[in-house]
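Inspection log for the structure reproduced underneath, given as structure tokens.
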Amino acid sequence: MRLKNTGGFTDIYAFVEHKISELSKREKNFYNLFLQMFSESENVMVESSDGFKIKKVTYGECKQKVLSVASKLKARLKDLPNKSMVGLYMSNSIEWIQVFWAILACGHNPVLMNSRLGDSQLQTILDCHGISVVVSDGEAFNVQTILLSEIEGEQEGQPIEFSDWGDKVYFMSSGTSEKVKLCAFTAENFFYQISDSFDIIKSCPQMAEHYEGELKNLVLLPLYHVFGFIAVYLWFGYFSRTLVFMKDLSAQTLLSTVKKHKVTHIFLVPLVWQKIYEEAIKSIKARGEKTFNKFSKALSFVNKHQILGSLIAKRAFKEVREKLFGDSIKFLITGGSGVPEDVVKFFNGIGYHMANGYGMTEVGITSLEISKKRKQRNLRSVGRPFSYTKYKVAESGELLIKGKTMASEILQGKTLEKTDFDKWFNSKDLAKEVDGRFYILGRKDDLVIGLSGENLNPEIIEQQIECSNVENKCLISGKDSVPTLIVEVKGYLVEKEQEIRLELGEALKKANVNDQIQTVVFTADKLLLDGEIKVSRKKVKDRYLSGEIKPLNALKRADGQLSALEEQLVKAFADALQKQECEILVDSDFFTELGGTSLDYFALLDTIGQQFGVDQTLIRSWGQSTVRGFASKIKDM
């Protein structure tokens, strides 16, 4: 199909090359980056839906809104010295993008605030770096906080002059307040990231494929995260493709949004891909053992044969794809941490194109497996480094990186380190190189010494241990440096205790580590904290050693008869968590005891809202996470 949104060029490749060439001729600053990004004014920049009608905003409309917001914001920031840091604390939305550019247009440098760090931690960072202003969509801090709602209600000020824009964008790494890094990227750093994206589509045409003449990228990863900003927004926004925003983060909304908007590209972290995979497998198993065995054999065949396998996958798994995302999907990316082999084989096997990528807050996005061969992608390599990046594996096994896409400077506490782009940066990730491709094996910091003195790689071991009724596993160096496996139990019941322990014991034997791990601790406490995208072994270790993570005590159902309201809520909890009703106690916490995630919680709120006729915003404000808590609030309505 002929594309109509490529600036008059006949194909996407010529258009992309032209756009990169135009920026290369100009000074690489944020003003020029902005002009080029919004130059295709008629292209649809954002699509969103309230559940009924699809709303579209063009690049031209968004550009005018940026200028309007900047005009209003500049009056508020008139006493702030030029090039000051200004915090940006907002949820994913087109307004986030508009405020981001407005801060730069006002001559200041946006600090993309990581909401997963928590308010007190963020306040410490603001104080440490002297950040005196935050633009927010609701949260207030102990500095000047400018609410988005206030900006929207004001009259426009003087038109923005494009003489002196901000020159840096700061990303926050994860960690404790003292160890959080602010990584500054310039427009030039971003230019090289954009140029790298052209290398991808030249070698991997699937990345540039459109559906019915359009390319639409789902915006689910947080835009304040380097993966979300560069891979989801920058790579596609610069070339005037369409971004699709979700009205909430429930799993149901994710699937319906992809189909309704005919999304073509989805970039997610392994945790979310694994959850989608597990739900799909559960659905297939529910159709009977015979059906599941036939599916497994067909999937295995497809993953072993390239051409014939592709033909079979297209027909044999059409129904499976329809129940997931449909056939508009052209490219899936996973990145941010290790992804299980079964997950990648599933998505590649049923007819999608899933690839594994690599990047860090300090270096940006630096590689992606761009092989057309399914077998190669299933090996989960992160590919070869992009044109402006170099990799090598140190003698210690750690991946070293250097190149022009790296952050120009890094702030940690009061220490400022300017980047020498010819100097190797130690990622602290363990890696290996095979035929020019690189494989991430885990974190150097996470290595655990086994009982025999052998180094144990937690990431590899955790993936090898398969056990039902287990939500998360985390191998740490525990008390007295004893190798300790912390096991978060899913839907734990007293009568299943022995069954789970026996199954885990067999899994440890199968992984050949049963004689290396001395202690196994079962817990009902969450290992993956709310809002996190992967389990932090350091946090788990600190919480375990401090006593915050407690060994599991037997759970018992509350005595007495449940009310009709509580019974209805128990069912809603069970549906959202994909559990049996007998596993839901009236005082069981949705997160810490029942293992729910943010996606599950949004699904629960949606169900409660529909059943009891309550606005989801109001329900969220209740802050409840137990059946008894929700029942109390509903009774008081």
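The values are calculated or read from the model by the stated rules, or taken from the named source; none is laboratory data. Just so it is clear, the model here is predicted, and its values are computed rather than measured. Note: ideal-geometry Cβ built from the backbone for every residue, glycine included; neighbour counts use all protein chains shown. With ligands, DNA and RNA removed, areas are computed over all heavy atoms of the protein, side chains included. Shrake-Rupley method; radii C 1.70, N 1.55, O 1.52, S 1.80 Å.
Full extension of the chain between Leu35 and Lys318 gives 97.7 nm of extra length, using 0.36 nm per residue less the Cα-Cα distance. Under a 5 Å amide H cut-off, with hydrogens placed 1.01 Å from N, Gly359 pairs with Gly336, Thr366 among residues at least 5 apart or on other chains. Of the cross-linked pairs Lys260/Lys282; Lys432/Lys538; Lys25/Lys404; Lys168/Lys432, which ones have a Cα-Cα span greater than 27 Å in the structure shown? In this structure, Lys168/Lys432 exceed 27 Å between Cα atoms.
Within a straight-line Cα-Cα reach of under 19 Å, Lys479 can be paired with the following aspartates and glutamates, leaving aside sequence neighbours fewer than 8 residues apart in one chain: Asp445, Asp446, Glu454, Glu488, Asp515, Asp525, Asp542, Glu548. For the pair Glu548 and Asp480, label points projected 7 Å from Cα toward Cβ lie 2.5 nm apart. Each residue of region 86-95 was assigned a 3J(HN,Hα) from its phi angle through the Karplus curve 6.51 cos²θ - 1.76 cosθ + 1.60 (θ = phi - 60°); the sequence is 10, x, 10, 10, 8, 6, 4, 5, 5, 5 Hz, with glycine and proline shown as x. Amide H contacts of Ser408 (H built 1.01 Å from N, in plane; Pro and chain starts excluded): Ala184, Phe185, Thr186 sit under 5 Å, all sequence-distant by 5 or more or on other chains. Mean sequence separation of contacting Cα pairs (under 8 Å, at least six apart), scaled by the length of region 275-428, corresponds to a relative contact order of 15 percent.
Give me the 1.4 Å probe accessible area per residue for the chain, excluding ligands and nucleic acids, in Å².
44 Å²
With R₀ set to 56 Å, the beta-carbon distance separating Gln578 from Glu417 gives a calculated FRET efficiency near 0.75. For the residue pairs Lys294/Lys345; Lys330/Lys375; Lys314/Lys526; Lys55/Lys181; Lys28/Lys56, the alpha carbons lie more than 27 Å apart in Lys314/Lys526; Lys55/Lys181; Lys28/Lys56.
The slack in the chain from Lys390 to Gln252, taken as 0.36 nm per residue of separation less the alpha-carbon distance, amounts to 45.6 nm. Once the C-beta distance of Trp424 and Lys372 is scaled by a Förster radius of 30 Å, the resulting FRET efficiency is 0.45 to the nearest 0.05.
Derived scalar couplings between HN and Hα for region 98-108 equal 5, 5, 3, 6, 5, 4, 5, 5, 7, x, 10 Hz in order, rounded to whole Hz, by the Karplus curve 6.51 cos²θ - 1.76 cosθ + 1.60 (θ = phi - 60°), x for Gly and Pro.
Starting from the Cα gyration tensor of the chain, take the square roots of the eigenvalues, sort them a ≥ b ≥ c, and report rounded, prolate or oblate (rounded when a/c is under 1.5, otherwise prolate if a/b is larger than b/c, else oblate). It is rounded, given that a/c, with a ≥ b ≥ c, falls under 1.5. First measure r as the distance between the Cβ atoms of Gln518 and Ser468, then evaluate 1/(1 + (r/R0)^6) with R0 = 25 Å and state the FRET efficiency to the nearest 0.05. E(calc), rounded to 0.05, equals 0.60. Of the beta bridges in the chain, as assigned by DSSP with both residues counted there, near 60 percent are antiparallel. Projecting each Cα onto the charge dipole of region 581-624 (Lys/Arg +1, Asp/Glu -1 at the beta carbon, about the Cα centre), which of Ile608, Leu585, Ser621 comes out farthest on the positive side? With unit charges placed on the Cβ atoms, the residue in question is Ser621.
Under the criterion of Cα pairs below 8 Å and six or more residues apart, the relative contact order for the chain equals 9 percent.
Counting only alpha carbon atoms, the long axis of helix 307-316 and the longest principal axis of the chain meet at about 70°. Its Cα centre serving as origin, the chain has a Cβ charge dipole (Lys and Arg +1, Asp and Glu -1) of approximately 2020 debye.
For the chain, the longest principal axis of the alpha carbon atoms and the long axis of helix 537-546 meet at an angle near 50°. Put a plus charge on the Cβ of each Lys and Arg, a minus charge on the Cβ of each Asp and Glu, and nothing anywhere else: the dipole of region 382-434 about its Cα centre is then about 120 debye.
Taking the charge dipole of region 295-381 about its Cα centre, with +1 at Lys and Arg Cβ atoms and -1 at Asp and Glu Cβ atoms, the residue from Ile370, Val339, Leu311 reaching farthest to the positive side is Leu311.
What's the carbon and sulfur percent of region 40-86's accessible surface, probe 1.4 angstrom, rounded to a whole number?
Details: 1330 of 2500 Å².
Ligands and nucleic acids excluded, carbon and sulfur give 53 percent.
Between amide H atoms placed 1.01 Å from N, distances below 5 Å from Thr242 occur with Leu215, Asn217, all of them 5 or more places distant or on a separate chain. The separation of region 71-150 from region 580-612, counted between C-alpha centres, amounts to 33 Å. Taken about its Cα centre, region 280-432 carries a charge dipole of about 960 debye when Lys and Arg each add +1 at the Cβ and Asp and Glu each add -1 at the Cβ.
Over region 198-325, Cα pairs under 8 Å with separation of 6+ residues give a relative contact order of 21 percent. Classify region 328-367: rounded, prolate or oblate, from the alpha-carbon gyration tensor (a ≥ b ≥ c, eigenvalue square roots; a/c under 1.5 rounded; otherwise prolate if a/b is larger than b/c)? The shape class here is oblate.
Multiplying the residue separation of Leu441 and Glu161 by 0.36 nm and removing their Cα-Cα distance gives an extension gain of 95.9 nm. Excluding Gly166 itself, calculate the net charge of residues whose Cβ lies under 13 Å from the Cβ of Gly166, where each Lys or Arg counts +1 and each Asp or Glu counts -1. That sum, taken over residues with Cβ under 13 Å, equals +1.
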